[in-house]
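The values are calculated or read from the model by the stated rules, or taken from the named source; none is laboratory data. Predicted model, so just to flag it, every value in this text is computed and none were measured. Here Cβ is always computed from backbone atoms with ideal geometry, including for glycine, and neighbour counts include all displayed protein chains. Ligands, DNA and RNA are excluded from the accessible area calculation, which covers all protein heavy atoms including side chains. Shrake-Rupley method; radii C 1.70, N 1.55, O 1.52, S 1.80 Å.
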Amino acid sequence: MEAGKMLDRNVIDTEALPPRERFGMWLDLVARTAAPLRMRSAHADDFTARAEIIPLGPIQLVNYRYPSLDAVRTAKLARQTEVDYFLLALTTTGTGASGQAGRQSVIGPSEFTFYDGSRPHQVSHEGAQGGQQHASSVVALIPYGALPLPPDRLAPLLAGRMSGTEGVGALLAQYLVQIAGHPEQYHAADADRLGTTALDLIVTMLGRHLVAEDAVPREVRRRALLAQVRGYIQRHLGDVTLSPQSIAHAHHVSVRTLHRLFETEETTVASYVRDLRLDRCRRDLADPAQAHRAIQAVATRWGFGDKAVFSRAFRAAYGETPQGYRVARREQARIVNDAASVVNSTSTY
């Protein structure tokens, strides 16, 4: 990736300071990036923590790692400071707890909790082994206006638990963790699109938990379902039985609905599956580490059960046979390596 093209991000690491100053630095960070809170920690004398803040168009993502802590947004703080966003927090390690609007929940790893930053609330998070290990979470800050669901409809979700291992919640959790954990893999130009996709998944998950999916705009539902389908296809490419019928069944929609979903994508479901499979095969054939693997084994790995069908599809896509492609790439790699050897062996004295 070209320098200067990665996602914008701001990293705060308390280890840059002496131990006695670390907790104060963290309090300042929380005051700037989230609703001001009163915080305490058994590790305040040496609070080794890290936060990576990633703007994603309509939302902001924060990847946290910290010692165990307890925090409260009091009614007084809520009156003194104006906050205009919701927070959706995914616990990735440790055990959390949240309380707001009369509800209390214990949040385990891979679970979400949701709360309104403007209202009083309590949050705590303890690392594993009684707090001996760090706790971590990924938090999405969502402006009020970004959610098409009315605030009063969202009230039943405050401080509740939502699974990050099933359905839309699993897709959302994987998506947020991937971006938060590897922001260097994405271009700054993609920030708005990445944020919009995250927001679509968030709105869809919230709507499902409210049993109020009809309140979610149709286009948001369409984009969220498309993201689900794409993720499902990528996870099941090696399954030779993968088909429009099996994909539709897995998502509880008709095949006709599935085809309509791809109408605006300038491809069909079958073409999308085929193109992904061919691309995975192409990568494997060009990989020197997989030179020992038979071509048919590569094809089978990515869901092509028929050798002749695979060869025809590969030649139509890339203009040469799978064997020819592998040999040509191997020769290119040999030429490059030979040239590199000559350069490296040249005296620089």
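Note on T93/L210: beta-carbon distance plugged into 1/(1 + (r/R0)^6) with R0 of 25 Å gives a FRET efficiency of 0.35. With Rg and Dmax of the Cα atoms in Å as the read-out, I listed (i) 21.3, 73; (ii) 20.3, 63; (iii) 24.6, 76; which label goes with the value calculated from this structure? Read-out taken from this structure: (iii).
Between L17 and A286, the FRET efficiency estimated from the beta carbon spacing at R0 = 51 angstrom works out to 0.60. Mean sequence separation of contacting Cα pairs (under 8 Å, at least six apart), scaled by the length of the range 155-266, corresponds to a relative contact order of 20 percent.
In the assembled protein chains, W302 presents an accessible area of approximately 40 Å² (probe radius 1.4 Å). Solvent-accessible area of the chain (1.4 angstrom probe, protein heavy atoms only): carbon and sulfur portion equals 51 percent.
In plain terms, the chain from H251 to Q174 could stretch by 26.0 nm, reckoned as 0.36 nm per residue minus the Cα-Cα distance. Multiplying the residue separation of T241 and R38 by 0.36 nm and subtracting their alpha-carbon distance yields 67.6 nm.
Computed from Cα positions, the angle between helix 167-181 and the longest principal axis of the chain comes to roughly 90 degrees.
In degrees, nearest 10, range 0 to 90: what is the angle between the Cα axis of helix 19-33 and the longest Cα principal axis of the chain? The answer is roughly 80 degrees. Of the residues V309, V30, V220, the one that moves most in a GNM of the chain with alpha-carbon contacts below 10 Å is V309. At the listed q of 0.12, 0.19, 0.23 Å⁻¹, the Debye profile of the range 69-187, built from one uniform point per Cα, gives log10 I(q)/I(0) equal to -0.46, -1.10, -1.41. Here each label is just a point 7 Å from Cα along the line to Cβ, and for D45 and R230 those points are 5.1 nm apart. A straight line joining the Cα centroids of the range 245-306 and the range 40-93 runs 40 Å. In this structure, Y318 and A294 have a Cβ-Cβ separation that, at R0 = 22 Å, corresponds to a calculated FRET efficiency of about 0.75.
Between D279 and Y144, residue separation times 0.36 nm minus the direct Cα-Cα distance comes to 44.6 nm. Counting only protein heavy atoms and a 1.4 Å probe, the range 115-251 has 45 square angstrom of accessible area per residue. For the chain, the relative contact order works out to 13 percent when only alpha carbon pairs closer than 8 Å and six or more residues apart are counted. Taken along its principal axes, the alpha carbon cloud of the range 9-115 reaches lengths of 39, 33, 33 Å, longest axis first.
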